[in-house]
1. Which FRET efficiency value, to the nearest 0.05, do you get for E36 and I85 by plugging their Cβ-Cβ distance into 1/(1 + (r/R0)^6) with R0 = 30 Å?
2. Which FRET efficiency value, to the nearest 0.05, do you get for K100 and N25 by plugging their Cβ-Cβ distance into 1/(1 + (r/R0)^6) with R0 = 30 Å?
3. What Kirkwood hydrodynamic radius do you get for segment 1-106 when you take the inverse of the mean 1/r over all pairs of distinct Cα atoms, in Å?
4. For C11, C47, C38, what's the fewest-to-most ordering of other Cβ within 10 Å of each Cβ?
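Every read-out reported here was derived from the displayed coordinates using simple, explicitly stated rules and does not represent laboratory data. All values derive from a computational prediction rather than experimental measurement. Cβ atoms come from the backbone with ideal geometry, glycine included; neighbour counts cover every protein chain shown.
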Amino acid sequence: MQLKLLEKLCCPVNRKELELITFENFLKAYEGIQVEECRNGVLLSPCGWMYPVINGIPRMQLDAFLTYSDFLKMHYNEFSKRKGILTDKYYKIIKDSVKKTKKTKKISQLGKVPEIDLLVEEE
């Protein structure tokens with residue numbers, strides 16, 4: 001992800017600026033000019049939402065912190081704490097988002113994501 005993209009992105013929930021925590025950068029050449037980009041990281045919203053950046057792609061779905069929980073657990077020490085706060089505070093929104101994700105992306109065909117499946121099964 002190009003760092004200048006951060007100026008254009010905002011939290012889809014509250015439209016506030018996002019903070020980028022970078023786990024890994026890389027250099028990419030554009031017309032012979034080396035530019036530093038974020039390969040892996042997490043975008044944080046002031047209200048607690050987490051959006052992982054994986055292989056340079058920001059994952060801006062509300063339930064991305066569940067879909068990519070293994071990645072976040074491995075790289076971001078505050079993940080479990082923030083996840084608990086999010087699921088307590090926004091349970092219904094997350095549950096609805098998970099349902100929509102399962103329908104539109106057919107996650108079940110790509111493999112089970114246990115944390116997402118648990119939220120949907122609790123109906």
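1. Efficiency computed from Cβ-Cβ geometry: 0.45.
2. Numbers: r = 32 Å, r/R0 = 1.08.
Efficiency computed from Cβ-Cβ geometry: 0.40.
3. On the way: mean 1/r = 0.0690 Å⁻¹.
Radius from the Kirkwood sum: 14.5 Å.
4. Values: C11 19, C47 13, C38 22.
Neighbour counts put them in this order, fewest first: C47, C11, C38.
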